[in-house]
Amino acid sequence: MDVVTKETLNGIAVYAKILNDINLKFHALIEENIEKQFHENEQLFYEIISEIMRMIPLKKKRGSEEIVGLDSKSGILLLQTEVGFLLEDYQRIINSDINKMILQDMSIVRNKFIHEPHNINAAFYVGGKTSCSMGVYYKDRLCSVSTLKLNNIIYELNKIFDKLKIFFVEEVDKCGEQYKEYPCYVAMMNYDFGKYNKDYSLVPEWLLVDQEISDIL
C-alpha cells in the first residue's frame, strides 16, 4: 500500500468514527430524552453539534458568522483529490438553503459554547417521544436546534459515508488480503451508515423554515 493510499484510508476512517459516534449520540438523544435531565440532553446537543462541525468544513465571510460555502482546503475535503465524488456530494449539503440556515445556528452555538460559554444561556427545551428541540441565546440572538433539523444533516452525511465505505473496501481489495487485518479496515466493517438512515426520515424543508417549536414537534 503506497503512502497516499494509506493516508487517504486513515483519514476516511477517522471521520467515519466521528460520524458513527454522532449517530449513536443522536439515537440516544431521540430515544432517551424524556428520561434524561435537561442538562444531560443539553450536553448531548452540544456534543453532536460540535462533532458535525468537525465533519463539514465551512467558509465564513471575513469578520462575521455568515456561512458562504465549503472550505475545500480544510478538514475531510483535503481528501478530495483521491476521492473524486467527495466535494460534489458535500456541495449538495451546503447548497440547500435550509441546511445552510441550520448549519449557521449550529456554528454559532458550537463556537460560542467553546469560546464564550458565559454568553450562552438556555432559552427553552422541549422533549417528546420522537423528537426534541433546544433554544439558546447568544447575547441577544436566539439560536434553535432540533433533532428534526439535525436529522437532515446527519442523513446526508450517512449517504456520503456509505459511498466512502465502498471506496475504502475497494481500495483495500486492490492492495491485498493482508490489509484486511488493518485496524481501520476492521473498524470500517463494523459501521453501517445505511442502516442508521433506515431509522431516519428526511423532513420536508417547508416544515423546517420559520416554524414555531410547537409546530415542528
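A few comments on the model shown:
- Principal-axis tilt of helix 97-115 within the chain, Cα atoms, nearest 10 degrees: 80 degrees
- Carbon/sulfur fraction of accessible area - segment 144-197, other protein chains in place, 1.4 Å, %: 52 percent
- Answer label for Rg/Rh (Cα atoms, Kirkwood Rh) (calculated), chosen among (i) 1.22; (ii) 1.02; (iii) 0.99: (iii)
- Euclidean distance of C-alpha centroids, segment 64-80 and segment 128-187, integer Å: 17 Å
- Rounded to 10°, Cα long-axis angle of helix 147-175 versus longest principal axis of the chain: 10 degrees
- Checking the Cα-Cα distances for Lys100/Lys195; Lys17/Lys165; Lys60/Lys159 against a 19 Å cut-off, the pairs over it are Lys100/Lys195; Lys60/Lys159.
- Rounded percent of accessible protein surface that carbon and sulfur make up, segment 1-103, 1.4 Å probe: 48 percent
- For the chain, the longest principal axis of the C-alpha atoms and the axis of helix 3-32 are separated by about 30°.
- Probe 1.4 Å, protein heavy atoms only - accessible area per residue of segment 67-126 in square angstrom: 48 Å²
The values are calculated or read from the model by the stated rules, or taken from the named source; none is laboratory data. The structure displayed is predicted, hence computed values, not measured ones. Surface accessibility is based on the protein's heavy atoms, side chains included, excluding ligands, DNA and RNA. Shrake-Rupley method; radii C 1.70, N 1.55, O 1.52, S 1.80 Å.
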